[in-house]
Amino acid sequence: MELEVRHLRALCAIADAGSLHKAARCLGMTQPSLTTQLQRIEHALGGALFTRDRTGCRPTPLGRTVLGRARPLVAQMALLVTETRAASHADGARLRIGSTASRALAGWLRRLRQRLPGTEATLHMDVSANALLQAVAAGQLDVAFVHEVEGFPLRVPYGLVGRVLVAREPQFVSMARDHPAAAAPVVDLADLAEDRWIVDPTVDGEWDGLRRVLGAAGIDPPLLHADYHTAASLIVVGEAVAPCQPTSGPRDDMAIRPLRDDPLAVRLLLYHRPPGDAERPLYDTAYAELAAAYREAALRTTAYRQWLRRHGSPLLPAG
């Protein structure tokens, strides 16, 4: 078997994801198919590239050597694809956007349509920031707007360029409107010690980040796994509480409050590949309009606007 770029991309995905299951999801293939492909690659190279156990996959010394050569090749191939596609679409520019959930998205797309009337902007949503970064590295997306849970860094593929939009965005908590803690403007974690917490385990870092914060506060409540829609239905009837973005809009059936001392936080970033002369103005515009859209979303939300005022508005970019 001769090695191809897709084989090198698979090796990089396994190393970045830390497991065959997660890497297969990022690559859009089944785990058995990826396992078979890895076995063939290892056979072709004459040695094991990863050690595999219950905790995941780790590169062997041979694997680290191969990855050191593979990553630059994968990055260069992605750049070649990007530049070729840009040339072939010179008469009809496009911007392929990937994003995790954010209240700033609608305003961002509106602003891009107004600022770049000749550019077709498409949107791909995914709860996994790491999957979006893999898609950018593979040339499937141009930019990815993602969040990184504090204490749990994202696995950024080699060669991607990241711009920080917000260095530390506090995470608020959502609860039923009649929850006793909702009577206060700021909630202590201790006031939620008897509640069940609910998170989406497919959101990179969210589960681990919440466990770390609750453990540090000496709280060990029941933790539930569910997607956002299921979580909302449980929250409004008082069955659970959950972390939420501070830009989350007000609801008649739900209370959203900041946590005292802001123990939960994320970093907001925009990633793209290294820009050529043709892409640099497009990426600069995308970042500037995202910053403006985020500012709009933040200032629309009373609780977050008050939080920003108390903290001197350090989170809002000036540009």
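The values are calculated or read from the model by the stated rules, or taken from the named source; none is laboratory data. Note that this is a predicted model, so its numbers are computed, not measured. Because the Cβ atoms are built from the backbone with ideal geometry, glycine has one as well, and the counts that use them run over all protein chains shown. Quick note on the areas: whole protein, heavy atoms, side chains included, nothing else; ligands and nucleic acids left out. Shrake-Rupley method; radii C 1.70, N 1.55, O 1.52, S 1.80 Å.
Assuming charge only on the beta carbon of Lys and Arg (+1) and of Asp and Glu (-1), the dipole of the chain about its Cα centre is about 700 debye to the nearest 20. The charge dipole of segment 169-319, taken about its Cα centre with unit charges on the Cβ atoms of Lys, Arg (+1), Asp and Glu (-1) only, comes to about 500 debye. Diagonalising the gyration tensor over the Cα atoms of segment 191-257 and scaling each eigenvalue by 5 before taking the square root yields semi-axes of 19, 14, 12 Å, largest first. Where is the GNM fluctuation largest for the chain (alpha-carbon springs, 10 angstrom cutoff): Ala93, Ala293, Ala144? Result: Ala93 has the largest fluctuation of those listed.
Rounded to the nearest 0.05, the FRET efficiency derived from the C-beta distance between Leu224 and Arg64 at R0 = 35 Å is 0.35.
Dipole orientation for segment 235-275: of the candidates Pro250, Leu268, Val236, Leu268 has the Cα lying most toward the positive pole (charges on Cβ; Lys, Arg +1; Asp, Glu -1). Computed over neighbours whose Cβ is under 15 Å from that of Arg251, the net charge equals +1, Lys and Arg +1, Asp and Glu -1. Think of each Lys and Arg Cβ as +1 and each Asp and Glu Cβ as -1; about the Cα centre, that makes the dipole of segment 201-275 roughly 280 debye. Label positions at Gln39 and Ala193, each projected 7 Å from the Cα along the C-beta direction, are separated by 5.2 nm. Ligands, DNA and RNA left out, the 1.4 Å accessible surface of segment 132-291 is 53% carbon and sulfur atoms. Each listed q (0.13, 0.19 Å⁻¹) maps to a log10 I(q)/I(0) for segment 111-245 from the Debye sum over equal C-alpha point scatterers, namely -0.69, -1.13. Accessible-area rank, largest first, for Thr247, Thr30, Thr35: Thr30, Thr35, Thr247, with all protein chains present and a 1.4 angstrom probe. Computed extension gain for Arg177 through Gln140, at 0.36 nm per residue and net of the alpha carbon distance, reaches 9.1 nm. Database remark: amide H of Ala176 closer than 5 angstrom to the amide H of Gly238, Ala255 (H placed geometrically; neighbours at sequence offset of 5 or more, or on other chains; Pro and chain starts carry no H). Size of the chain: Rg and Dmax of its alpha carbons, in Å, are 21.4, 66.
Mean-square fluctuations from a GNM of the chain, with a 10 angstrom spring cutoff on Cα atoms, peak among Arg305, Arg96, Arg69 at Arg69.
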